[in-house]
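What follows is a short report on a single structure.
Bear in mind that the values in this text are calculations on the coordinates, not laboratory data. All of these numbers come straight from a predicted model, not from anything done at the bench. We place every Cβ from the backbone using ideal geometry, glycine too, and count neighbours over all the protein chains shown.
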Amino acid sequence: MTGTDTHTDPSQVEAAHVAEQHGVNPATGLSTTEAAGRLEADGPNALRQKPAEPLWRKVLRQFQDPLVYLLLVAMVISLAAWLAEGEGGWPIDVIVIGIIVIANAVIGFVQERKAADAVAALASMTAVMSTVLREGRLESVASRDLVKGDILALSEGDSVGADARLLTATGLRIQESSLTGESEAVDKGTDVLSGRTAIGDRRNMVFKGTAVVQGVGRAVVTSTGMDTEMGAIADMLDRTESEPSPLQKEVALVSKTLGIAVIVIAVVVMVALVLINGVESAQDLVTILLLGVSLAVAAVPEGLPAILSLVLAIGVQALAKRNAVMKDLHSVETLGSASVICSDKTGTLTRNEMTLRTVVTASGELDLSGTGYRPEGGVVGDPSEDALFEARTVLVGGSLANNAELRQADDWDIQGDPTEAAFLVAQHKFDGAPERVQAYERLAEVPFTSERKMMSVLNKENSTGTRRLFSKGAPDVLLTRCTSVQVGGGMIPLDEEQRAVISASVDRLSSEGYRTLAVAHRNLDDEPGDDVDGSAEECLIFVGVVGIMDPPREEAAAAIREAHRAGIRTVMITGDHPVTAARIAADLGLAEPGAVALTGAQLDELDEDGFRQATRVTSIYARVAPEHKLRIVDALRADRQVVAMTGDGVNDAPALKAADIGVAMGITGTEVTKEAATMILADDNYATIVAAVRQGRAIFDNIRKFLRYLLSSNMGEVTTVFFGVVLAGVLGIEDAATAGAIAVPLLATQILWINLVTDSGPALAMGVDPEDGDVMARSPRGPGDRIIDRHMWQRVGFIGVVMGAVTLLTIDMFLPGGLIEGSDSLTVARTAGFTTLVFAQLFNALNARSETTSAFTGLFTNKWLWASIVLGVVLQVAVVEIPFLQVAFGTASLDLAHWAMATAMASVVLWAEELVKLVRRLRGRR
């Protein structure tokens with residue numbers, strides 16, 4: 001049952017009665033203890049999740065793979081042959097294959113579990129937050145912790161955390177398309193409704209999962225979790241499936257293509273064995289089938305998806321530690337390819353420690369000392385009485401036309417917009433206390449929007465009952481609504497000369513790097529009623545302009561230089577004055593001194609071709625609206641750029657969704673923006689974006705490393721078996737085979753062992769490999785560039801052929817006859833070749849760390865890789881020298897000369913690749 005039952009429908013009851021029913025005082029909210037008790041009783045405010053997959057099903061899924069099915073079939077055939085022939089002892093092949101299948105399943109399960117845990121940890125970092133009133137204080141809590149009776153404080157950009165009955169609403173508009181499908185935002189109010197109404201008509205209710213696009217309000221929570229309207233459609237939400245990323249698609253395509261190719265090769269090998277050796281017994285048939293199946297299983301990197309997910313998860317957790325929280329693992333691939341970063345100015349390129357430094361009025365200019373949000377400092381110099389009176393009016397008006405809060409706990413902090421908070425801090429400095437602001441009672445508000453660029457509040461002075469409208473906004477916008485200027489306690493008409501003087505002051509402050517806001521007011525005692533709208537914002541009295549300083553971040557300038565070196569263009573997009581934007585851009589090195597910003601109005605005058613051309617060369621945009629951001633993103637992407645776009649306001653959400661990487665501000669960003677984004681900056685810092693791009697490039701390089709390693713190692717196994725069968729007579733393998741036995745270079749169990757020992761460990765270790773060279777010294781990847789390109793396939797083929805050659809030559813040199821005369825048995829020679837192939841793959845792990853850099857550069861920087869190599873060597877020694885493993889895997893003990901030769905032959909893989917890298921480096925220098 002939802003919270004809209006006909007007997008208790010809160011939309012049909014007075015708001016005060018709803019609050020009383022839920023046992024809450026709207027003025028103070030719930031206590032922390034009461035909220036905790038209700039949360040314990042009702043459970044978290046979350047939609048029903050799909051039931052957790054049982055452990056047994058997760059384990060079983062590890063065996064649900066076509067290649068595993070082939071192995072199981074091979075086990076059945078082998079067991080049947082063993083039973084039919086009545087052999088004594090144990091069915092060794094069956095046991096070994098079974099153990100390997102189980103071991104692979106365990107490895108896959110552990111990798112999948114670690115990846116799932118990492119994703120769950122990241123999800124907790126991006127939890128949606130809500131502002132609630134508890135014990136008389138506004139607090140930010142996770143929306144899943146909301147309870148019935150909580151008082152929600154709603155403002156532009158918030159994501160509504162639960163179904164709630166509105167107590168107050170000022171210019172409040174809610175986007176409810178997620179529930180109703182209607183694209184237009186809904187105007188909200190507090191009037192009681194009569195009769196049962198549809199969701200879209202419940203104007204005095206707000207619903208979980210919707211977004212505040214304008215205005216402010218407060219509401220008492222009436223339903224949480226599955227009792228909400230969103231809960232009623234939870235089943236529909238559960239059926240939503242995500243589209244695989246380009247990386248997932250390409251890896252799946254590679255696995256499928258390689259699988260088909262290897263199965264074809266396996267069939268050819270089996271047919272060749274039949275033709276060359278014939279089939280004289282059921283055991284011969286089983287041996288051939290086992291070899292073919294084992295070759296297919298070993299050559300296809302079936303663990304690749306699990307390794308990929310785990311490596312991405314580890315990389316994304318590393319990003320989170322650097323304050324960049326990725327919501328989607330596979331977006332890391334795109335992040336490393338970014339070629340343009342479109343960034344807000346305030347808070348991202350600057351410190352977002354807004355400090356009101358100067359006030360310009362008709363009687364002069366007044367400066368305030370101090371920085372940041374601690375109200376320490378005061379008026380500088382000895383201004384005139386008129387200037388002090390006017391400045392005080394500006395600061396009081398700006399503090400009243402304001403929805404921020406300045407609070408003191410262990411230290412001073414703010415709740416709300418930093419620019420608005422700057423007025424509160426300055427007013428506190430000016431008068432030493434906030435009493436002048438507290439002397440007014442707010443009656444109504446005309447809220448700020450990005451289109452209006454101003455806000456107004458109607459206040460009543462408690463001592464006199466005077467009703468006065470205070471307005472705050474962009475100076476150029478506010479001037480158009482003013483007809484007079486305040487001078488001291490009086491006013492004079494606002495003529496063209498006065499307008500020119502004010503405009504000149506604004507331009508001067510902007511050129512000095514200040515953000516400018518103006519304040520105006522008017523008396524409304526003659527107007528009836530306490531409700532106001534935009535029509536009251538006319539015939540205002542202009543009071544003055546303030547200059548607010550938000551200094552550039554020192555680290556942002558260095559990050560911009562780093563991005564430029566990496567072939568990434570930085571574009572500043574701001575709603576500030578063009579002169580301010582140009583000054584900050586020049587200070588940051590984003591543009592040359594004297595560069596001019598392109599404004600939203602100028603963009604509107606361009607046709608599509610002109611707009612696209614402008615985006616190719618323009619690095620500074622000022623006075624732009626949210627729709628301009630979206631057009632800029634679309635134009636850049638149409639020009640085949642990979643775009644990262646930052647945003648914090650609700651109207652930025654479309655641009656963030658359209659960008660390849662949407663970046664939301666974690667501190668100042670709205671909940672709606674965070675939901676639309678791909679990445680959230682925990683520190684709102686541009687330098688974090690560039691650091692994340694660097695990390696993204698390193699992660700992508702590591703993915704290519706283990707892909708290169710896995711594919712080339714598997715190719716080595718394929719070439720060894722294929723050419724070992726085809727050239728068995730030339731290499732002496734056929735002659736050395738026992739009469740009636742199948743002549744094969746490696747046994748099926750040995751191939752499976754190689755796959756078990758050499759695949760997962762080194763591949764995972766490469767996923768955390770340190771950065772290869774300077775990843776920021778190269779240009780970004782193009783949108784159409786393949787992850788596994790032609791050059792990588794060439795290297796994979798080359799290494800595979802070298803591996804196969806050294807393995808087969810090792811077998812040959814220990815066998816009588818063949819190309820090189822030897823004197824050992826086939827079992828010893830095969831064991832030496834088996835060992836050579838294992839060691840060659842471990843040497844290949846060192847090769848795969850870089851396409852150009854020598855393996856001896858930074859040889860010991862990856863301790864995990866060396867741990868996996870040492871483990872591989874230990875396991876190989878065990879399988880060769882321990883008697884019961886010799887029986888299981890058909891090996892024989894090797895003397896020191898055999899071990900040395902196997903190691904030396906395996907190292908040829910390293911030296912051959914070192915030679916290729918050297919040639920490539922020399923060509924690069926030329």
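Before moving on, here are some points about what is shown:
- For the chain, excluding the exposed loop sites themselves (chymotrypsin sites (Phe, Trp or Tyr not before Pro), DSSP loop, at most 14 other Cβ atoms within 10 Å), the longest remaining stretch covers 1-855.
- Estimated dipole of segment 355-549 in Debye, rounded to 20 [Cβ of Lys and Arg +1, of Asp and Glu -1, Cα centre]: 180 debye
- Span from the segment 621-666 Cα centroid across to the segment 191-217 one, whole angstrom: 29 Å
- Label-zone membership for segment 764-778, site Arg921, 7 angstrom Cα→C-beta point, backbone N under 19 Å: 770-778
- When Leu731, Leu494, Leu837 are sorted by how many other C-beta atoms sit within 10 angstrom of their C-beta, beginning with the fewest, the order is Leu494, Leu731, Leu837.
- Taking other residues whose beta carbon is less than 15 angstrom from the beta carbon of Leu875, and scoring Lys, Arg as +1 and Asp, Glu as -1, yields -2.
- Amide N of segment 781-805 lying under 16 Å from the label point, which is placed 7 angstrom from the Cα of Thr257 along Cα→Cβ: 784-798
- Efficiency of FRET from Cβ geometry, Leu819 and Ala878, R₀ 25 Å, rounded to 0.05: 0.20
- Gain in span if fully extended, Arg322 to Arg561, counting 0.36 nm per residue against the direct Cα distance: 84.1 nm
- Note on the chain: dipole from Cβ charges, positive end direction compared against Ala638, Ala15, Val206; the farthest Cα belongs to Ala638.
- Förster radius 22 Å - calculated FRET efficiency between Glu605 and Glu538, Cβ distance, rounded to 0.05: 0.20
- Residues Leu458, Leu656 arranged by fewest to most Cβ contacts within 10 Å: Leu458, Leu656
- Point-charge dipole on Cβ atoms (K/R +1, D/E -1) for the chain, about Cα centre, debye to 20: 2380 debye
- As a rough footprinting exposure proxy, the listed residues Ile288, Ile751, Ile414 were ranked by other beta carbons within 10 Å of their own, and the order from fewest upward is Ile414, Ile288, Ile751.
- C-alpha long axis of helix 686-726 to longest principal axis of the chain, angle in °: 20 degrees
- 0 to 90° range, to nearest 10: angle between helix 66-85 axis and the chain longest Cα axis: 30 degrees
- Rounded to the nearest 10 degrees, the angle from helix 32-42 to the longest Cα principal axis of the chain is 50 degrees.
- Extension gain, Ser31 back to Glu527 (0.36 nm per residue minus Cα-Cα distance, nm): 174.5 nm
- Summarising the strand pairing of segment 355-549, around 95 percent of its internal DSSP beta bridges are antiparallel.
- Helix-derived mean residue ellipticity, 222 nm - over the chain, DSSP H n ≥ 4, -39500 (n - 2.57), to 500: -15500 deg cm²/dmol
- On the basis of the beta-carbon distance and an R0 of 25 Å, Val267 and Asp735 show a calculated FRET efficiency of 0.45.
- Cα centroid separation, segment 255-279 to segment 361-416 (Å): 82 Å
- Our estimate of slack between Ile99 and Asp187, defined as 0.36 nm per intervening residue step minus the Cα-Cα distance, is 25.1 nm.
- Of Leu368, Thr483, Phe470, farthest towards positive along the dipole that unit charges on Lys, Arg, Asp, Glu beta carbons give segment 355-549: Leu368
- Charge tally around Met901: other residues with Cβ under 13 Å, Lys/Arg +1 each, Asp/Glu -1 each, net -3.
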